[in-house]
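What follows is one structure encoded as structure tokens, with my remarks underneath.
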Amino acid sequence: MKKLHIIRSLPLHMIMWSSLLMLGGYPSTGWAQNLRDSVVKVFVTSNSMDYYRPWQSRGSTANTGSGAIIAGNRILTNAHVVSDHTFIQVRKESNPQKFIAAVEAIGHDCDLAILRVDDPTFFEGVTPFPMGELPELQDTVTVIGFPIGGDKLSITEGVVSRVEIIGYTQSAKKLLAVQIDAAINPGNSGGPILKDGLLVGIAMQMMGSGQNIGYMIPSPVINHFLTDLEKGEYEGFPTMGIDYHNTENKTLREYYGLTDKEGGVVITRVLPYSSAEGVLQDGDIILELDGVPIGVDGTFEFQKDTRLALSHLINQKMVGDDIAVKFMRAGQVHSTSITLDRFVGLVPFPHHFEKPPYYIYGGLVFTVLTTDLLESWGKDWWEKAPLDFLHYLLGSGRMNKERKKEIVTLIYVLPDDINVGYHGYSNDVIRKVNGQEFDSFKDFVLLLENHQEAFTILETQTTARIILDNRNIAEITQAILQRNHIPYQFSEDVAQWLGRQ
């Protein structure tokens, strides 16, 4: 598995560490001189949530990144630079003073954020970066930012080597990205990448297993993010909600009645609650999207000698837009239109929740299965996380044949007399409450809260039964919380469901 790494913003304690030589001067070109104050250093204090102990955070850390001033006195940077922030400051190259900044908007799916500085003097004499077009292969680009190795602005150059769809490390969302061979290091995150003085991208992530393999968020993704914000609230990138397979196999094409001239991909699954549900079916062949022919490998002609995955045609749309679909079903060609919406999978991608939902009942700690929770198992979580959990993310469970909206998990048990015999239970999926199935975490919580029986019977994925005595369980739960120094029995969203704000 190729490992892509976010260019994590630089911890402050490392600023004095390196003796690497960074470029201290500036190119003689006029645009570089005029725009160097348009690049800012971002100082962030953050405190991320602990998804395995969802009532607490992991503790404060201090990091730095880069940002680019764009039109409207806004600072464009990466979402991962300012994720879980508690305090932000920014500084220009020519001014040692730091100014307080705030997050105006954030899009974890595209790893972009907008910062606001209320003090107007910060922007005096600053020329915003003008936006440019998507660069092409072998174009030369300039990377500007404040990476590891010094406190001054660093400028490097590189060449565009690939334009393709990749999974963004911040969210796992597959979007357009540009690979460059310029030196990109920790601290470059959020910094501008220029071509002929125009902003064509933002530094994002690098491939740890290679040399000088860096990725930038290109201008089409940036423009989508900015256009989305014009509506007042960021909605993100829509998804059709299908899995598909190529039609390269000759026998497969013959089976579906495809000619040698036709491309297309065969739908293997229409995901529940997705935009395509009720319109497309398993076995349909997608031939065109918005009039663009789809190849047998699921790509379309994008630029000269460049093909991209069909998902880019969907990613160019805004939430609520329609996309025209030409498809074949049972040998007949049909045309339809699908209104695109956001789609949240059965196991949400990272940063779906700002704070994880949780609920504690009789010492049993419940939450929702998310990628954020899986990442609690460390850097190689896909190898270390419980197999039952990975089943829902990567295996057949993601197909969601039971049409669940969320997977409820028992992550561990806080020992007490009421739960003796279950103290070793952990990392299991809850299937039923008193014989009743449920579709979401909210439904699960309400089943527990509104019970009238003498006992609560929980059935888990491993077919185990947990039976709790309901007598005085509210008082017992509070005693368990107090003993374990847990301030609240449930998260804020659960409090709203229960009317206990």
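The values are calculated or read from the model by the stated rules, or taken from the named source; none is laboratory data. All figures in this text were calculated on a predicted structure; none of them were measured in a lab. Note: ideal-geometry Cβ built from the backbone for every residue, glycine included; neighbour counts use all protein chains shown.
Is it the case that some residue within region 180-188 is under 19 Å from the mean Cα position of the chain (by Cα) and over 27 Å from PHE43 (Cβ atoms)? Show your work before the answer.
Initial filter on region 180-188 (under 19 Å from the mean Cα position of the chain (by Cα)): none.
No, region 180-188 contains no residue that is under 19 Å from the mean Cα position of the chain (by Cα) and over 27 Å from PHE43 (Cβ atoms).
Mind checking whether some residue in region 32-51 is surrounded by fewer than 19 Cβ atoms within 10 Å (Cβ to Cβ), β-branched (Val, Ile, Thr) and either outside the structural domain of ASN185 (by TED's automatic domain parsing) or modelled with pLDDT under 95 (or both)? No; the residues of region 32-51 include none that is surrounded by fewer than 19 Cβ atoms within 10 Å (Cβ to Cβ), β-branched (Val, Ile, Thr) and either outside the structural domain of ASN185 (by TED's automatic domain parsing) or modelled with pLDDT under 95 (or both).
Based on what the data block shows, is GLY421 of a type in the set (Gly, Ala, Ser) and surrounded by 21 or more Cβ atoms within 10 Å (Cβ to Cβ)? In short, no.
Reported count of residues in region 63-90, each being surrounded by 15 or more Cβ atoms within 10 Å (Cβ to Cβ) and within 22 Å of the chain's Cα centre (by Cα), is 18.
Looking across region 149-168, the residues that are surrounded by 20 or more Cβ atoms within 10 Å (Cβ to Cβ) and in a loop (DSSP other than H, G, I, E, B) come down to GLY149, LEU153, TYR168.
If you go through region 301-329 and keep only what is out of contact with any Asp or Glu (no Cβ under 9 Å at 6 or more places or on another chain), among the hydrophobic types (A, V, I, L, M, F, W, C) and surrounded by fewer than 20 Cβ atoms within 10 Å (Cβ to Cβ), you end up with just PHE302. Looking for something within 21 Å of SER46 (Cα to Cα) and either more than 19 Å from the chain's Cα centre (by Cα) or at pLDDT 90 or above (or both) - is there at least one such residue anywhere in region 126-144? Looking for residues that are within 21 Å of SER46 (Cα to Cα) and either more than 19 Å from the chain's Cα centre (by Cα) or at pLDDT 90 or above (or both), one finds none in region 126-144, hence no.
Can you report the number of residues in region 212-233 which are over 19 Å from the mean Cα position of the chain (by Cα) and aliphatic (A, V, I, L, M)? Number of matching residues: 1. Of everything in region 373-412 that is under 17 Å from the mean Cα position of the chain (by Cα) and of a type in the set (A, V, I, L, M, F, W, C), the residue that is farthest from VAL270 (Cα to Cα) is TRP381.
Could you tell me how many of the residues in region 293-311 are among the β-branched types (Val, Ile, Thr) and over 28 Å from the mean Cα position of the chain (by Cα)?
Within region 293-311, the subset among the β-branched types (Val, Ile, Thr) is 294, 296, 299, 306.
Cutting the leftovers down to over 28 Å from the mean Cα position of the chain (by Cα) gives us 296.
The qualifying residues number 1.
When THR477, THR462 are checked against the criterion of being under 16 Å from VAL413 (Cβ atoms), among the hydroxyl-bearing types (Ser, Thr, Tyr) and in a loop (DSSP other than H, G, I, E, B), a single residue qualifies: THR462. Of the strands (runs of 3 or more DSSP E) entirely within region 229-300, those holding at least 1 residues that are surrounded by fewer than 17 Cβ atoms within 10 Å (Cβ to Cβ) occupy 242-246, 265-270.
Scan region 263-284 residue by residue and report those that are among the charged types (D, E, K, R) and either in contact (Cβ under 8 Å) with a residue 60 or more places away in the chain or out of contact with any Lys or Arg (no Cβ under 8 Å at 6 or more places or on another chain) (or both).
Of region 263-284, the ones among the charged types (D, E, K, R) are 269, 277, 282, 284.
Within region 263-284, ARG269, GLU277 qualify.
Report yes if LEU393 is farther than 22 Å from ILE467 by Cβ, touching a helix residue (DSSP H, G or I) at 6+ places or on another chain (Cβ under 8 Å) and either surrounded by 19 or more Cβ atoms within 10 Å (Cβ to Cβ) or among the basic types (Lys, Arg) (or both), otherwise no. Taking the combined requirement at face value, the residue satisfies it. Regarding ASP439, is this residue in contact (Cβ under 8 Å) with a residue 24 or more places away in the chain, closer than 17 Å to PRO357 by Cα, within 29 Å of the chain's Cα centre (by Cα) and surrounded by fewer than 16 Cβ atoms within 10 Å (Cβ to Cβ)? Yes: the conditions hold for ASP439.
Go through the residues of region 340-356 one by one and say whether even a single one is charged (D, E, K, R), modelled with pLDDT of 95 or more, crowded, with 16+ Cβ neighbours inside 10 Å and closer than 30 Å to GLY283 by Cα. Within region 340-356, one or more residues are charged (D, E, K, R), modelled with pLDDT of 95 or more, crowded, with 16+ Cβ neighbours inside 10 Å and closer than 30 Å to GLY283 by Cα. In the set (1) touching a strand residue (DSSP E or B) at 6+ places or on another chain (Cβ under 6 Å); (2) under 20 Å from LYS404 (Cα atoms); (3) surrounded by 19 or more Cβ atoms within 10 Å (Cβ to Cβ), the condition left unmet by THR460 is number (3). One residue stands out in region 91-124 among those that are among the aromatic types (Phe, Trp, Tyr) and not in a strand (DSSP E or B): the one that is surrounded by the most Cβ atoms within 10 Å (Cβ to Cβ), namely PHE122. Scanning region 213-244 for residues that are out of contact with any strand residue (DSSP E or B) (no Cβ under 8 Å at 6 or more places or on another chain) and on the phi > 0 side of the Ramachandran plot yields one hit, GLY232.
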